[in-house]
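Worksheet: one structure, shown below.
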Amino acid sequence: MKHFTHLLYVLDQEAEQPCGLERAAALARGNQAQLKVVSVIESLPAGTPLEGLDLSTDDLLAASRAECEQRLHALVEPLRDAVTIETKVLTGKLFFEVIREVLRHGHDLVMKCVADRPPMAALFGSEDLHLLRKCPCPLWLGRPQDALNDRRVLAAVDVEPLASAKEQAQQQALNATILDLAAALATSEFAELHVAHAWTALGEPILRGGMIATPAETRIDAYIEAERRRHGQALERALTDLEARAGAEAMHWLKPVRHLLKGSPREELPALAARIDADILVLGTLGRSGVSGLLIGNTAEAVLQRIDCAVLAVKPEGFVSPIVA
């Protein structure tokens with residue numbers, strides 16, 4: 001199963017409490033991984049005098065950096081006995097500097113807490129969406145109210161049987177990463193593992209809508225049932241592959257709960273997450289062909305805007321961020 005070696009925790013300057021920092025330290029300790037805690041301060045025009053004061057923007061930036069460094073040290077000090085922690089202050093735009101840090105130093109997980117949002121507002125802010133779209137490594141986004149340990153881990157996989165051989169290979173690789181991460185989380189936190197796949201039968205609305213000459217209803221029903229079985233078998237193959245990687249003993253302990261959901265993933269996955277009270281959703285972000293690195297998939301983004309739990313988002317193999325180190 002997946003293990004992390006080089007974690008990057010992003011401290012939100014506006015957050016009163018360091019949401020997720022204890023979890024990052026626990027995850028680093030459990031994986032015997034390095035942990036770096038960073039905070040990003042806004043850049044200022046260099047050397048600009050402040051009218052009427054014997055100061056410049058350089059002085060303001062230095063003071064801001066010193067204050068930020070002091071806060072970082074104070075926050076991580078209680079955790080240093082359990083894990084080795086490096087702290088660093090970055091200057092610039094948050095998502096841009098975080099991704100550059102990942103590219104420069106090979107971090108394999110970024111952890112960040114989302115800001116408190118007004119009721120009915122989308123869970124993720126603009127910085128979070130930029131990270132979801134462009135961060136090359138897995139990204140964990142938590143909430144201030146999240147528990148320290150997950151009770152239910154929900155993994156969302158896509159197992160489209162009718163995809164091309166190339167698309168299936170890409171999806172299988174992404175599914176493997178999703179399931180490995182979800183299994184590792186469930187194992188480390190003694191949590192339930194739920195694995196979901198939402199499916200639809202190609203052409204069902206047209207077949208049932210009477211817009212074209214259609215076969216008997218019983219034949220349509222048989223076609224829908226065959227599609228359900230096909231998707232169910234593909235889901236089982238993904239779990240069989242997980243068992244081959246994790247081992248029979250691990251799978252016996254995990255006992256993943258299967259959810260074969262008929263309907264659109266953008267509707268069914270958020271509904272399932274709410275129904276089982278999932279603590280974290282692990283899913284892949286697959287951009288449109290030809291726009292690699294610029295957009296997460298439309299379905300993934302729709303799901304992410306409707307859920308109310310933490311997220312662990314995974315990029316497909318070969319993803320290249322548009323941001324350079």
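Annotations
So that you can scan it fast, the table gives a plain yes or no per residue for (1) under 13 Å from ILE323 (Cα atoms); (2) at pLDDT below 95; (3) crowded, with 16+ Cβ neighbours inside 10 Å:
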| position | (1), (2), (3) |
| --- | --- |
| VAL102 | yes, no, yes |
| VAL114 | no, yes, yes |
| ALA122 | no, yes, no |
| ASP128 | no, yes, yes |
| LEU141 | no, yes, yes |
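- Only residues that are of a type in the set (A, V, I, L, M) and surrounded by fewer than 16 Cβ atoms within 10 Å (Cβ to Cβ) were counted in the range 158-189, giving 5.
- Only one of LEU207, LEU193 that is assigned by TED's automatic domain parsing to the domain that holds CYS309, surrounded by 14 or more Cβ atoms within 10 Å (Cβ to Cβ), among the aliphatic types (A, V, I, L, M) and within 23 Å of the chain's Cα centre (by Cα): LEU193
- ARG228 being out of contact with any His (no Cβ under 7 Å at 6 or more places or on another chain) and over 30 Å from ASN149 (Cα atoms): yes
- Residue pairs whose Cβ atoms lie under 8 Å apart, sitting 6 or more positions apart in sequence or on different chains, and linking a residue in the range 310-325 that is assigned to a loop (DSSP other than H, G, I, E, B) to a partner that is exposed (fewer than 11 other Cβ atoms within 10 Å of the Cβ), are ALA325/ARG104.
- When ALA201, ALA302 are checked against the criterion of being among the hydrophobic types (A, V, I, L, M, F, W, C), in contact with a Lys or Arg (Cβ under 9 Å, 6 or more places away or on another chain), at pLDDT below 85 and in the same structural domain as VAL153 (by TED's automatic domain parsing), a single residue qualifies: ALA302.
- Scanning the range 77-99 for residues that are within 15 Å of HIS6 (Cα to Cα) and either at pLDDT 95 or above or not polar (S, T, N, Q) (or both) gives VAL83, ILE85, GLU86, THR87, LYS88, VAL98, ILE99.
- In the range 218-236 there is at least one residue that is assigned to a helix (DSSP H, G or I), among the basic types (Lys, Arg) and either surrounded by 13 or more Cβ atoms within 10 Å (Cβ to Cβ) or under 25 Å from the mean Cα position of the chain (by Cα) (or both).
- Restricting the range 38-64 to residues that are of a type in the set (Val, Ile, Thr) and in contact with a Gly (Cβ under 9 Å, 6 or more places away or on another chain), the residue that is modelled with the highest pLDDT: VAL40
- Some residue of the range 243-260 being touching a Gly at 6+ places or on another chain (Cβ under 9 Å) and in contact (Cβ under 8 Å) with a residue 60 or more places away in the chain: yes
The values are calculated or read from the model by the stated rules, or taken from the named source; none is laboratory data. Just so we're clear, the structure is a prediction, and the values are computed from it rather than from any experiment. Virtual Cβ from ideal backbone geometry, glycine too; neighbours counted across all protein chains shown.
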